[in-house]
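Novice: First the structure, then my questions, so here it is.
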Amino acid sequence: MLLHMSGTGTIPTVKLVPHGSGFALVFDPKVLQQLGIDENTLLDVTSDGKVIRISRAVKRSTAADLHKTLERVNSEWEPVLKKLAE
């Protein structure tokens with residue numbers, strides 16, 4: 001059985017191994033390197049009850065990020081925004 005990585009090949013099946021009081025999935029380091037994943041990469045783990053999906057965690061925007069973006073847009077598009085406001 002193989003896990004399929006859409007468009008990029010396949011990953012050999014991995015087994016759960018005992019780890020502390022739980023279990024862990026152990027991936028070949030070459031696979032992780034190819035995906036750009038290391039011990040510092042944050043991952044999201046989700047499940048629909050049948051499938052477990054592991055994906056790179058997406059950085060959540062903060063109010064400060066939004067404020068910074070609004071400032072950039074306002075300064076870059078100020079003339080257009082003023083015309084639209086008229």
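Novice: Would you call MET5 surrounded by 10 or more Cβ atoms within 10 Å (Cβ to Cβ) and at pLDDT below 90?
Specialist: In short, yes.
Novice: Residues in region 8-27 that are in a loop (DSSP other than H, G, I, E, B), over 17 Å from ARG53 (Cβ atoms) and at pLDDT below 85: how many?
Specialist: Count: 1.
Novice: Moving on to the next point. Tell me which residues, restricted to region 30-41, are open to solvent by 70 Å² or more (accessible area, probe 1.4 Å) and at pLDDT 90 or above.
Specialist: ASP38, GLU39, ASN40
The values are calculated or read from the model by the stated rules, or taken from the named source; none is laboratory data. Note that the structure is a prediction, hence the values are computed from the model and not measured. We place every Cβ from the backbone using ideal geometry, glycine too, and count neighbours over all the protein chains shown. Please note that ligands, DNA and RNA were not included when accessible areas were found on the heavy atoms of the full protein model with its side chains. Shrake-Rupley method; radii C 1.70, N 1.55, O 1.52, S 1.80 Å.
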